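Here the structure is laid out as C-alpha cells; the discussion comes afterwards.
Every number in this text was worked out from the coordinates using simple rules, so none of it is lab data. It should be emphasised that the depicted structure is a prediction, and the values quoted were computed from it without experimental measurement. Ideal geometry is used to build each Cβ from the backbone, glycine not excepted, and the neighbour counts take in all protein chains shown.
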C-alpha cells in the first residue's frame, strides 16, 4: 500500500491510498464519525480501473493528523476485539 497526501491544511487532510482495501478505510471512518472534533470525514473510491481510495477529514481546528492516528488506533482495537471474540466463538463446542 502506498499513501500520498492530496491536500493538507490546519484543520483538513486528504489522502490517497493506492492498492488499499476500501473496507479498511470505512472501518477508520466508522471509528471517527462520532468524534466531536470531526466535522466531516469521507471515504471514496477512485476511478474503477485504479485501486485508489481517498480519505478526507475536516476537524474543528484540531490537528487532523492526530485525530486520524487516534481513529486508526480505535480501529485497530476494534478489529483485535473482533478477532478475539471470533476465536472464542469458534473454539466453543
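Computed quantities for the displayed model
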read-out: In the stretch 1-33, residue surrounded by the fewest Cβ atoms within 10 Å (Cβ to Cβ) [restricted to those that are touching a helix residue (DSSP H, G or I) at 6+ places or on another chain (Cβ under 7 Å) and either without any contact (Cβ under 8 Å) to a residue 40 or more places away in the chain or outside any strand (DSSP E or B) (or both)]; value: 11
read-out: Positions within the stretch 34-93 being over 17 Å from residue 24 (Cα atoms) and in a strand (DSSP E or B), in sequence order; value: 38, 39, 40, 58, 59
